[in-house]
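The values are calculated or read from the model by the stated rules, or taken from the named source; none is laboratory data. Predicted model, so just to flag it, every value in this text is computed and none were measured. Here the Cβ positions follow ideal geometry from the backbone for every residue, glycine too, while neighbour counts run over all protein chains shown. Surface areas here come from the heavy atoms of the whole protein model, side chains and all, with no ligands, DNA or RNA. Shrake-Rupley method; radii C 1.70, N 1.55, O 1.52, S 1.80 Å.
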Amino acid sequence: MRARPGKRPYAGLTDVGRVRAHNEDSVLLEPPLFAVADGLGGHEAGEIASGVAVAALLAAAPAHLDAKGLGRAVRAANRAVIKAAREGRGREGMGTTLTAAVVESTRIAVAHVGDSRAYLLHGDTLERITRDHSMVADMIRQGTLTEEQSRSHPNRSVITRALGTDPNMYADTFEVDAEPGDRLLLCSDGLTGMLTDEHIAEILGDYGDPDMAVRMLVDAANEAGGHDNISVIVVDIVGERAVGGPARSHRGWLAVLVWALAVAAVVGIAVWGTYRYASERAYLIAEDGVVVVYSGLPGEFAGVSLRWLAEETTITVGLLDPVTAGRLNQGIAVEDLDAANALVDQYRALAEARSGEADNAPGGP
Ligand code: MN
């Protein structure tokens, strides 16, 4: 375990439950990107479908908060699942749900397909922010079924939209504003099929630590029967607190002065916040055929680049597998330099193993 200053404001957990033999869910914790996928297909195919989906999502996800871009990444993940089945990984007909979120400060972009959900906890209120693509959800919307009845309905797991079958599938996308102190929850139906929204809200309210919260949610779903795989991600919204505006009683030049100071403070805090955030982050990228580590963030912000060269490695990108090489060409954002260095070690070992293989190949030198 690497030492970390301060605690990360998010946690995720996936559990097989008490009935199923395999865990076909996948979770993705690559801040600012988070996702839950619930695979379908049996015989390990569901596991492959959800795994392929989150890997493809990560490779295609936009670097910044952009719901439409996130929706396009979900479509790319859909094509990846279809392609995998055609190539004999998993099997034809395998599929997966995918609920993805990008969190930047207090704004959240969501893209989703299927019945894995996103919720936002604000105070004691747990708001469901996605609409299930499922047969029972349609029946509830039509008024022919109640929420309670849907829990035991024989078709409760039939979903009306999933990744893996229709190349023209689209995702629901939207952005929401949260407030500092709110919590984002992403989860598979193994949680929501076992616990009511009220019960989920209670647990989220009782456990402030995200690691504890995901643990207690999974435990509660298992205690309730654990009929399905259970996946849970909790992200605490910590974004900078809004600075209060000037009092309305100020008039004339004083009001102007106060406004100017307030604006300067807001801009200053935003710049400082972004700078601080950027300076703690790191990313790896392919440059001139080798892996290079930067601290900061890829791209530009208001015309300013927030990155500082940390290390130019001797790892040849061409020696890595094509998926990793592709991701490196785009840049792989990680939490901090420790995480970047861990990845560098991993890639160095991979590259060394692969160059070793090439040297020992039959007919080679
Ligand atoms: Mn499920």
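Inspect all residues belonging to region 164-174 and state whether any of them is under 17 Å from the mean Cα position of the chain (by Cα), farther than 28 Å from ARG86 by Cβ, at pLDDT 95 or above and within 14 Å of the ligand (Cβ to nearest atom).
no
Among the residues of region 129-146 satisfying the criterion of being charged (D, E, K, R) and touching a helix residue (DSSP H, G or I) at 6+ places or on another chain (Cβ under 9 Å), which is farthest from ALA67 (Cα to Cα)?
Ranking the candidates gives ASP132 first.
Please count how many residues of region 178-226 are assigned to a loop (DSSP other than H, G, I, E, B) and either surrounded by fewer than 18 Cβ atoms within 10 Å (Cβ to Cβ) or out of contact with any strand residue (DSSP E or B) (no Cβ under 8 Å at 6 or more places or on another chain) (or both).
Final tally of qualifying residues: 11.
Yes/no per residue for (1) within 14 Å of the ligand (Cβ to nearest atom); (2) open to solvent by less than 10 Å² (accessible area, probe 1.4 Å); (3) out of contact with any Cys (no Cβ under 6 Å at 6 or more places or on another chain); (4) of a type in the set (A, V, I, L, M, F, W, C):
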residue	(1), (2), (3), (4)
VAL16	yes, no, yes, yes
VAL27	yes, no, yes, yes
SER50	yes, yes, yes, no
ASN78	no, yes, yes, no
ILE82	no, no, yes, yes
GLY88	no, no, yes, no
ARG91	no, no, yes, no
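Condition first: within 21 Å of LEU40 (Cβ to Cβ) and surrounded by fewer than 22 Cβ atoms within 10 Å (Cβ to Cβ). Now tell me which residues in region 166-177 satisfy that.
ASP166, PRO167, ASN168, MET169, TYR170, ASP172
Could you tell me which of the residues ALA45, ALA35 is of a type in the set (A, V, I, L, M, F, W, C) and at pLDDT below 95?
ALA45
Suppose the filter is free of Cβ contacts under 8 Å to residues at least 40 places away in the same chain and farther than 23 Å from VAL54 by Cβ; does ALA325 pass it?
no
Might you let me know whether region 2-12 holds any residue that is of a type in the set (D, E, K, R) and within 16 Å of the ligand (Cβ to nearest atom)?
no
Among the candidates ALA111, ALA162, ALA137, ALA101, which residue alone is without any contact (Cβ under 8 Å) to a residue 24 or more places away in the chain and open to solvent by less than 50 Å² (accessible area, probe 1.4 Å)?
Details: ALA111 fails: without any contact (Cβ under 8 Å) to a residue 24 or more places away in the chain; ALA162 fails: without any contact (Cβ under 8 Å) to a residue 24 or more places away in the chain; ALA101 fails: without any contact (Cβ under 8 Å) to a residue 24 or more places away in the chain.
That would be ALA137, the only listed residue that is without any contact (Cβ under 8 Å) to a residue 24 or more places away in the chain and open to solvent by less than 50 Å² (accessible area, probe 1.4 Å).
Based on this model, can you work out whether ALA37 counts as open to solvent by 10 Å² or more (accessible area, probe 1.4 Å) and within 21 Å of GLY326 (Cβ to Cβ)?
When the stated conditions are applied, ALA37 does not pass them.
Go over the candidates ALA55, ALA60 one by one and state the one that is without any contact (Cβ under 8 Å) to a residue 24 or more places away in the chain, of a type in the set (A, V, I, L, M, F, W, C), farther than 17 Å from THR165 by Cβ and open to solvent by 30 Å² or more (accessible area, probe 1.4 Å). Reasoning before the result, please.
On the way: ALA55 fails: without any contact (Cβ under 8 Å) to a residue 24 or more places away in the chain.
Matching residue, one of ALA55, ALA60: ALA60.
Any residue that is within 16 Å of the ligand (Cβ to nearest atom), modelled with pLDDT under 95 and of a type in the set (A, V, I, L, M, F, W, C) - is there at least one of those in region 113-135?
So far as region 113-135 goes, yes, one or more of its residues are within 16 Å of the ligand (Cβ to nearest atom), modelled with pLDDT under 95 and of a type in the set (A, V, I, L, M, F, W, C).
Scan region 147-163 for residues that are out of contact with any helix residue (DSSP H, G or I) (no Cβ under 7 Å at 6 or more places or on another chain) and at pLDDT 95 or above and jot them down.
Within region 147-163, ARG161, ALA162 qualify.
With VAL158, VAL113 as the choices, which residue is closer than 25 Å to LEU57 by Cβ and in contact with a Lys or Arg (Cβ under 6 Å, 6 or more places away or on another chain)?
That would be VAL113, the only listed residue that is closer than 25 Å to LEU57 by Cβ and in contact with a Lys or Arg (Cβ under 6 Å, 6 or more places away or on another chain).
Wholly within region 249-365, which helices (runs of 4 or more DSSP H) include no fewer than the required count, namely at least 1 residues that are modelled with pLDDT under 85, buried (at least 16 other Cβ atoms within 10 Å of the Cβ) and touching a His at 6+ places or on another chain (Cβ under 9 Å)?
none
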